[in-house]
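Quick note: the coordinates plus some simple rules give every number you see, no bench work behind them. This structure is a prediction, so every number in the text was calculated from the model and none was measured. Please note: Cβ atoms are built from the backbone with ideal geometry, for glycine as well, and neighbour counts cover all protein chains shown.
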Amino acid sequence: MIDDQPSKPAGKVALVTGAGGGVGREVALLMADGGYAVVLTGRTPATLHEAVDYIREELPDAALHAHRCDVTDSKAVQALVDATLARHGRIDALANCAGSAPLQSISEMTDDIIDAAIDVNLKSVLYLTRAVWPAFQKQKSGAVCNVSSMASIDPFVGFNVYAAAKAGVNLFTRAAADEGKRFNLIAAAVAPGAIETAMLRQNFPEKMIPASKTLDPLVVAGVIRNVLTGARKVELGEVIPLPSP
């Protein structure tokens, strides 16, 4: 666990994965701006501390807590949720933003590539949702927004296992929404196209995908925030497409 300044009491609590950068960091910022106590999680302590500092520059009094967690490890995920509940007493919103996008042909897919892509893009969503489910049931409320991808609808060549994993996220989101409707669960997925992040640039230089053809992470985060707070009304398990410009 990574301790920063003690969290201040807040009415609602959000848990954000992949919060060290990109969309996850912006979701954490927007949720904190909305008065939520925010637990930021990721695998790298340094980037989590940077994200906390980034948010505190805008919101000095934000209730933030950073907790290192490998979301592909089911036991670590359960420990994260247990620690969040022990600290705050509840969890109201879960933003599953962690992900990775390996780019390779089908013939180049190794077992390790397949396992890693499924683990971080799909299994982490299953683990986190399972872990927070009892709290949502007890509260008779909760909200989950999963980051999917336009690749799950129209996969770019080379994003085969990534697209398959994100398609699984879409279907699981619908299943969770259906099962959770009895206790007022909000569940939706956001399926963006190319986002201007470090993950995108690991695969595509700007000469291939100009910045003008990418989405601002803050724009994507705004949609996620609106889903989690109920500001955007969504259909049961809706997958919201956000194509690139």
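Between the amide H of Gly142 and those of Ile186, distances stay under 5 Å, these residues lying 5 or more places away or on another chain, with hydrogens modeled in the peptide plane. Across segment 13-242, Cα pairs under 8 Å and at least six residues apart give a relative contact order of 20 percent.
Computed over the chain, the range of Cα coordinates on each principal axis works out to 50, 40, 33 Å, biggest value leading. Each Lys or Arg adds one and each Asp or Glu subtracts one; over the other residues with Cβ under 12 Å from the Cβ of Ala187, this totals -2.
Our compactness index for segment 24-94, the C-alpha radius of gyration over the empirical 2.2 N^0.38 Å, is 1.06. Pairs spanning more than 27 Å between alpha-carbon atoms, out of Lys140/Lys233; Lys138/Lys166; Lys12/Lys213: Lys138/Lys166; Lys12/Lys213.
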